[in-house]
1. If I model a spin label as a point 7 Å beyond the Cα along the Cα-Cβ vector, how far apart are those points for Gln459 and Ser246 in nm?
2. Obtain the nm distance between the two label points defined at Ala110 and Gln96 by a simple spin-label model: each point lies 7 Å from its Cα along the Cα-to-C-beta direction.
3. Assuming R0 = 22 Å, can you tell me the calculated FRET efficiency for the pair Glu118 and Thr181, based on Cβ-Cβ distance, to the nearest 0.05?
4. For region 89-133, what % of the accessible area comes from carbon and sulfur atoms, probe 1.4 Å?
5. Using the Karplus equation 6.51 cos²θ - 1.76 cosθ + 1.60 (θ = phi - 60°), what ³J(HN,Hα) coupling, rounded to whole Hz, does each residue of region 144-149 give in order, writing x for Gly and Pro?
6. Taking θ = phi - 60°, what integer Hz values does the Karplus form 6.51 cos²θ - 1.76 cosθ + 1.60 yield along region 121-128, in sequence order, with x for Gly and Pro?
7. Find how much the distance from Ile55 to Asp391 grows on full extension, using 0.36 nm per residue of separation minus their present alpha carbon separation; answer in nm with one decimal.
8. Over region 225-374, with the other protein chains present, what is the accessible area per residue in square angstrom, probe 1.4 angstrom?
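The values are calculated or read from the model by the stated rules, or taken from the named source; none is laboratory data. Since we're looking at a predicted model, the values are computed, not measured. Neighbour counts are summed over all protein chains in view; Cβ atoms, including those assigned to glycine, are modelled from backbone coordinates with ideal geometry. All accessible areas refer to the heavy atoms of the entire protein, side chains included, with ligands and DNA or RNA removed. Shrake-Rupley method; radii C 1.70, N 1.55, O 1.52, S 1.80 Å.
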Amino acid sequence: MGQKQQATADPNADPKKRRRVGFSNIDAGVEAKECIKIYLVSRKEEVDSAGSFCIDPIDLSSFFDEDGKIYGYQGLKITIWVSCISFHAYADITFQSTADGGKGITDLKAALQRMFAETIIENKDDFLQTFSTETNLIRSIISSGEILKYKALNGHINNSKSHLEAANSDVEVVRMVVGSTAAGHLYSCLIPLVLLLVDGSSPIDVIDPRWELYVLIQKKPDQQGEIQCRLLGFTAVYRFFHYPESSRLRLSQILVLPPYQHKGYGRYLLEVLNDVAVSEDVYDLTVEEPLDHFQHVRTCVDIPRLLVFDPIQHAVSSAVSRMKEGKLSKKIHIPRFMPPPSVIEDVRKSLKINKKQFLKCWEVLMYLALDPVDKYMEDYVSVISKRVKDDIIGKDSGTAGKRLIEVPGDYDQEMSFVMCRSQAGEASSVQMDENETTQEEQLQQLVDERVKEIKLIAQKVSLH
């Protein structure tokens, strides 16, 4: 990493000047995101270029001591370049001066080591050289993997389900067992980007053979006509044993590199995982704590599969018919509008969609089946409202042994609460007190957001 200090005048140069004694202000520090810029580059010519792709990390403060701020520097600027070829990094550090303002001077080298570990290179020339010496790194690593699927690409991934010949393809998904040396090395190179770009992430165990990497690769010829492999993204999946002789797949991490996002690659990776789950007849495919955006894409992938799955069509029609019978009472009996257990099991067995995900999709399927939708929208929203309330507070009588307790918080007082299960002898009703109106408003907001999400997914599915 390069480190430069800009020249400043020496205040002691003039011997006639007398020292003045005073009290300096305590150093307030600077937020890491205010002085650090991170760029992804695929050619050495892009290093130091103003047009390089700048990424927006979710959080940089966790890599710095105490409160996540940087102390002791004036005019600090850190520019980090990360290679999309070898995933090495180089940091260029400039500042005007350093001084201990009461909080010490942050060890920038140690912080960057925590951020990029062994992938950071201190010498700029060595970093630039990796664009030629490591050009075949990805191709070499994936050579030991299993090619699962090809697809033609013309700017964006198309919606075709056909498996194409390798000669006509420039995108492929390769599966690698993480316990192998090659896969472990690849994931180790990707860890810094995972920590910077995947919210709430932590590294997986690279020696556990139950972890699998599904790597999305694009093959493109270089100027000499040689095929080069570019890593577009990946997903990490854990294979659990399921008694008596099956397995379950849990998607733990998925990352499409920022330059390739919003082009259908994440959706494509999900489609490949669905194909794997079905073809290998696993018990089901689950997702570990999905974020809202990922959940949206996941549901958009699952709805078209369910729309052509015959075993559920009668159940959807029956639920919609019951909703059309007339205005629903305030005491809605939710099971009347839910899929029967046999249908849930059919979906799991055939499509490998777990119950929790299927119930989210079920709400969209019912919405799509309402015709005309505006006529029955009030009753439909009543059903969604009851489901949301049951999910958060409890079922039937209202709580099912759970209660909502407000707790003080620094972030948002209205959204500060914890959920706990009542002990024997405790009241099982929700503790509303004087805040009952506020809590009802919060529930209504969740319902509105859910209905809005359902409409958006239905619109996207209908367009396709």
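1. Each label point is offset 7 Å from its Cα along the Cβ direction, giving 3.8 nm.
2. Result for the modelled spin labels: 2.7 nm.
3. Rounded to the nearest 0.05, the efficiency is 0.90.
4. Numbers: 960 of 2160 Å².
Percent of accessible area from carbon and sulfur atoms in region 89-133: 45.
5. Karplus-based 3J(HN,Hα) across region 144-149 equals 8, x, 9, 6, 9, 7 Hz.
6. Here the 3J(HN,Hα) series is 10, 7, 9, 5, 4, 5, 5, 4 Hz.
7. Numbers: separation 336, 0.36 × 336 = 120.96 nm, distance 3.61 nm.
Stretched fully, the Ile55-Asp391 segment lengthens by 117.3 nm.
8. Values: 7180 Å² over 150 residues.
For region 225-374, the solvent-accessible area averages 48 Å² per residue.
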